[in-house]
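A quick write-up on the structure given underneath.
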Amino acid sequence: MLLIGNGRLITRDKEGTFFENGCVAIEGQKIKAVGATTDLRKEFPKAEFIDAKGGVIMPGFINMHNHIYSTFARGLSINNYHPKNFMDILEGQWWRIDRTLNLEDSYHSAKIAYLDSIKNGVTTVFDHHASYGAIEGSLTQLSNAADELGVRTCLCYEVSDRDGEAKMKAAVKENADFIKTSGERRDDMQKAMMGMHAAFTLSDKSLEHCAAYTPEGVGYHIHIAEDIADVYDSLAKYGKPIVNRLYDLGILGKQTMAGHCIHINPHEMELLRDTNTMVVTNPESNMGNAVGCPPAMRMLNEYGILMGLGTDGYTNDLTESYKVGNIIHKHHLADPNAAWAEIPQMLFNNNPQMANRYFEKKLGVLEAEAAADVIVLDYKGPTPMTKDNYNAHILFGMNGGAVTDTIINGEIRMKNREVQGVDEEKIWHDAQVQAQSLWTRINS
């Protein structure tokens, strides 16, 4: 039995229950009870106790769209790389990186990404991997890293025609193999999807090949209309918008997740809604790539699409995406009322709903029988925190660096900012050595 108490407790349950001095009782991999600290300490007097010291206790964050393979891009300078648009960014940076990645690169970049997730209070990560320099076994490298760090994760490999038919088929096989492997697990810690890059790098034949190796109950993780070039490609080659094309090929559906959806029209929004397809927006990445601002407020409010929030490899700190998501739509729409409610709805309500289309234990809430994924943040606040304003405190006062304790699946993964059970300094050192090796190979 483990108790985490003496903090302001945000449960995220349907009633929005908030405790001024609350406590979470954990038994095994699930939450046993939530309540006042004094009450639960009396009920479970022999339990180990983590003292939040007046900070904030809340459910762990869920990252619905990440790219672990981007980890070693930080600080990288690529010879003769001067992008003028998004296609230049893909060709000159990301595809050049992933064509150079070997299995060791994938493993060490994953160790860092999962470590950093723990330190930022992220307890579940949906990743979209690419390493065309070493396809076979690459998802196993990410899986091993996730197991070693104890992070809940859903993995897929980015299928694309960009390096030829043989590698496209190898990528499909990598997905299919990991879908089978993860499906044999019973710990509810790893799941799998069929990954796809984007429509403009996939022929109809390749999409059909993906579908042939995707079992019932598994969906697709794909980028849609991240850049206007994707739209033009679909219209020129197939005479139809991207979402219509994917609908015709049976790619959309409840288990499918579409990243970005920046340049889509109202009819495409209707198709996403009517097929119950999930959409993930990634505000920092969109701004960084200068690809535009998605009609996220319209998709969410007018069409009722289940929309979540991701980082797209830009960061492992979801509070950053919360902050940027809050202001990008205000700026884009010139509306000071935009995104106040919508972005926290995506992050705190929709991300758990989306994740639970794959994971069995209830995520994103602190209540009896839910997954024991809990974080503690060192935050006092200059003004009172209440049931009605705690989102504003998170938005304006907290960041990933405030996380002191991270519990995932009932296991303490970080305690008082010390990551447990791993040699953190060795992970950082090994990653820096491996990153330098990758940089040398990219520029050789």
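List of remarks:
- Output for segment 397-444, where each listed residue is farther than 18 Å from Asn316 by Cα, in contact (Cβ under 8 Å) with a residue 24 or more places away in the chain and either of a type in the set (Phe, Trp, Tyr) or part of a loop (DSSP other than H, G, I, E, B) (or both): Asn409, Gly410, Gly421, Val422, Trp439, Asn443
- Those helices (runs of 4 or more DSSP H) lying entirely in segment 33-139 with at least 2 residues closer than 26 Å to Ser437 by Cα and open to solvent by less than 10 Å² (accessible area, probe 1.4 Å): 95-100, 103-119
- Of the residues making up segment 366-385, those that are of a type outside the set (Asp, Glu), in contact with a strand residue (DSSP E or B) (Cβ under 7 Å, 6 or more places away or on another chain) and not in a strand (DSSP E or B) are Leu366, Ala368, Ala370, Ala372, Tyr379, Met385.
- Meets criteria (over 26 Å from Ala338 (Cα atoms), buried (at least 23 other Cβ atoms within 10 Å of the Cβ) and touching an Asp or Glu at 6+ places or on another chain (Cβ under 9 Å)) for His221: yes
- Candidate set from segment 220-272 (those that are small (Gly, Ala, Ser) and touching a residue at least 60 places away in the same chain (Cβ under 8 Å)); member that is farthest from Asn63 (Cα to Cα): Ala229
- Conditions (1) buried (at least 19 other Cβ atoms within 10 Å of the Cβ); (2) within 19 Å of the chain's Cα centre (by Cα); number of the one not met by Thr214: (2)
- Count of segment 175-205 residues, restricted to those that are more than 27 Å from Lys361 (Cα to Cα) and surrounded by 20 or more Cβ atoms within 10 Å (Cβ to Cβ), is 6.
- Of all residues in segment 386-396, those that are crowded, with 22+ Cβ neighbours inside 10 Å and part of a loop (DSSP other than H, G, I, E, B) total 0.
- Test: Glu158 is in contact with a His (Cβ under 6 Å, 6 or more places away or on another chain), surrounded by 21 or more Cβ atoms within 10 Å (Cβ to Cβ) and more than 23 Å from Glu136 (Cβ to Cβ): no
- Only residues that are assigned to a helix (DSSP H, G or I) and farther than 29 Å from Gly288 by Cβ were counted in segment 199-237, giving 6.
- Taken over segment 399-441, residues that are basic (Lys, Arg) and under 22 Å from Met189 (Cα atoms) amount to 2.
The values are calculated or read from the model by the stated rules, or taken from the named source; none is laboratory data. Because the structure is predicted, anything quoted here is derived from the model rather than measured. Because the Cβ atoms are built from the backbone with ideal geometry, glycine has one as well, and the counts that use them run over all protein chains shown. Surface areas here come from the heavy atoms of the whole protein model, side chains and all, with no ligands, DNA or RNA. Shrake-Rupley method; radii C 1.70, N 1.55, O 1.52, S 1.80 Å.
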